[in-house]
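Beneath this line is the structure, given in structure tokens, with notes to follow.
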Amino acid sequence: MNFNSFIIHYAEVALKRGNRPFFEKTLVKNIKQATQGCGPIEIDRRWGRILMMVTEKTDIEGVIAALKTVFGIAYFAPGRIVDQDIDRISEAALESIEGQSFSSFKIQTRRANKAFPMDSVQINIHVGNQVWDRTKAKVDLTNPEFTVHIEIFDDVALVYGKRYEGQGGLPVGVSSRAVLLLSSGIDSPVAGFRMMKRGVRLFFVHFHSAPYTSTASKKNAEKLVEILTRYQFNSTLYTVPFLEIQQHITSVVPGPYRVIMYRRAMLALAEKIARKNRCDALVTGENVGQVASQTLPNIQAISDPISLPIFRPLCSFDKKEIIAEARVIGTFETSIEPYEDCCTLFVPENPETKAKLHIVHEYEAKLELEKYMQQALEGAETINFKFENRNQ
Ligand code: ATP
Ligand code: MG
């Protein structure tokens, strides 16, 4: 088909009545960013949907790939806008089935312009006859293999065939901002993806123990942010040196409580970065019971000094489910590249699984965490990422 347009249907956006203009504006902005580099595109908000006009110079495959990464889209379809003339509509319908093979079909017409001389049923029958003439496929109104959609708007008509699934969710940016604690493991990128899908814009924080460990975890974190930036178009990653804090904790705190104290320091540092960037929450890839440090008492022990809400979107996932999602997002391969995690350093064999808050507070009183955290923040590096459309 000689496409000249895309029709884009919102996911939940349509439900949020009061905020709707803001949701729509954000979605349009995100679509523009995602399709940058795909050639000429004009976007219009119309009829509670988004209509995108394209030309023969537009990279149609590139637009399809880009729209698949935009949260807030339920589904979309490339199609053809034609004059409100039944012959033009029929021609476009025949074009829309080119290259498609199906043994049953239906025509689905929606008519907004009641002044159009034929009603929906008459249009369905008229166009359906032509498709039948061409294909001899049977008409099936309940479970067709292929549907040709016709929309009669006030001024023009739109015809499209194949529809593509969108990501669903909400446009990134409509649900404020949060800091994701990004290790270079499998879980935290998936947790971040889940939050972005709810419209949250992420800032990324990665803690590393260089030069004690190699810079592999830092490089991995950078690669992961690059992949996730595809969904929010630009990102900032803070890489924070954590070695001195770990050494300080190790020198004061006995083995079983060390991991808890590291985690408290990580969350406290992430909270400082969150406040600086006007973020309203922290996000981690933690999962109940997956490892010894993630028991419910320990989760309480690491969270208690933090006043921002901490989201753990994977807390109820099975590892298998997380891995499956990491593969779909495209972070799995990077997450399993070998690296030395700062948390595997100085980790005792017998981590406490039922941390007591009063013991945690006793250790913390002996530490000079504020001073070390200040130094860590001063040593942090900031890296900015911008999504470039690779289809170019
Ligand atoms: P992941 O696969 O995300 O590493 P995990 O199941 O290995 O998670 P942990 O290593 O215990 O679990 O980490 C729990 C969470 O703490 C991570 O999901 C991440 O949010 C945060 N975290 C751990 N290490 C780091 C790090 N080096 N930098 C930033 N955040 C970290
Ligand atoms: Mg990990």
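Please treat every number below as a calculation from the coordinates, not as lab data. These numbers were taken from a predicted model, which means no experiment stands behind them. Quick reminder, even Gly has a Cβ in these numbers, built from the backbone with ideal geometry, and neighbours come from all protein chains shown.
Here the extension length gained between residue 272 and residue 353 equals 26.5 nm, from 0.36 nm per residue of separation less the Cα-Cα distance. With neighbours defined as other Cβ atoms within 10 Å of a residue's Cβ, the residues 194, 134 order from fewest to most as 134, 194. With a threshold of 18 Å on the Cα-Cα distance, the over-threshold entries among 276/386; 219/276; 219/371; 68/162; 223/386; 29/197 are 276/386; 219/276; 219/371. Normalised by 2.2 N^0.38 Å, where N is the number of residues, the alpha-carbon radius of gyration of the chain equals 1.24. Of 26, 69, 142, the sequence from fewest to most neighbouring Cβ atoms within 10 angstrom is 142, 69, 26.
Projection of the Cα convex hull of segment 113-216, averaged over all directions and equal to a quarter of that hull's surface, yields 12.4 nm². Once the C-beta distance of residue 91 and residue 22 is scaled by a Förster radius of 41 Å, the resulting FRET efficiency is 0.55 to the nearest 0.05. Note on residue 336/residue 370: beta-carbon distance plugged into 1/(1 + (r/R0)^6) with R0 of 25 Å gives a FRET efficiency of 0.10.
Once the C-beta distance of residue 45 and residue 138 is scaled by a Förster radius of 45 Å, the resulting FRET efficiency is 0.75 to the nearest 0.05. For the chain, the dipole from Cβ point charges (+1 on Lys and Arg, -1 on Asp and Glu) about the Cα centre works out to 760 debye, to the nearest 20.
Dipole orientation for the chain: of the candidates 242, 261, 382, 261 has the Cα lying most toward the positive pole (charges on Cβ; Lys, Arg +1; Asp, Glu -1). Counting every other Cβ atom within 10 Å of each residue's Cβ, 215, 229, 236 order from fewest to most as 215, 236, 229. Every Cα-Cα pair of segment 5-165 was included, and the share exceeding 21 Å stands at 49 percent.
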